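J.: What follows is a single structure, and I will ask about it in a moment.
Every read-out reported here was derived from the displayed coordinates using simple, explicitly stated rules and does not represent laboratory data. Nothing here was measured: the structure is a model prediction, and the numbers come from that model. No Cβ is skipped: glycine too gets one built from the backbone with ideal geometry, and neighbour counts run over all protein chains shown.
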Amino acid sequence: MIMATKTTGTAKNDGFSADERAAMKAHADELKAQRSRGGSTSKTDGEADVLAKIAEMNDVDRALATRFHDIVSETAPELTPRTWYGMPAYAKNGKVVCHFKNAAKFKTRYATIGFSDQAALDDGDIWPTEYAITKITPATEKKIIELVRRAAG
């Protein structure tokens, strides 16, 4: 016997947090904006979108995201900046290769830089695809440059 349950418009029990639902809405908005631009995001449009998202971040996340953006832009200029689920991201042939996830967005302890399956980082049977980042020092910058170079292929 199947029993119907009454739902209200105020409670959502779909398994997603409010932050996750906001990220999905941001992604839907990104796709809509891309369609309105004729199906693609130019480097100029994408960079403006990324810089706008970075500007919305708190001071700590903004400093990290700005430096990450600069590193990616300098190291792999062939990657196209764009937003992805409301986060700064960088794509090759329309596919996201790497992104920056600010700590405040998901209320986490630290920001991360992540790499998709499109990134050329394969290293044996297991390798990291996301790195926690709390500060960009000369040593961490060198590691990020190496990762971005490899990821861009």
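J.: For segment 45-153, go through all pairs of different Cα atoms, get the mean of 1/r, take its inverse, and jot down that Kirkwood value in Å.
T.: Across segment 45-153, the inverse of the average 1/r is 13.7 Å.
J.: Could you give the length gained on full extension between L51 and K142, defined as 0.36 nm per residue of separation minus the Cα-Cα distance, in nm?
T.: Taking L51 through K142 to full extension adds about 30.5 nm, to one decimal.
J.: Using 7 Å Cα-to-Cβ label points, what is the F16/D122 separation (nm, one decimal)?
T.: So the label points at F16 and D122 sit 3.1 nm apart.
J.: Sequence neighbours fewer than 8 away in the same chain don't count; with that in mind, list the aspartates and glutamates whose C-alpha is under 12 Å from K135.
T.: Within the straight-line cut-off, K135 pairs with D61.
J.: Report, by chain and number, residues whose modeled amide H sits under 5 Å from the one on V97, excluding near sequence neighbours (fewer than 5 apart, same chain).
T.: Y90, A91, K92
J.: May I pose another question? How long are the semi-axes of the equivalent ellipsoid of segment 111-153, taking √(5λ) for every eigenvalue λ of the Cα gyration tensor, in whole Å from largest down?
T.: Gyration-tensor ellipsoid for segment 111-153: 18, 12, 9 Å.
J.: If I model a spin label at T134 and N58 as a point 7 Å from the Cα along the Cα→Cβ vector, what separation in nanometres do I get?
T.: Roughly 1.5 nm, to one decimal.
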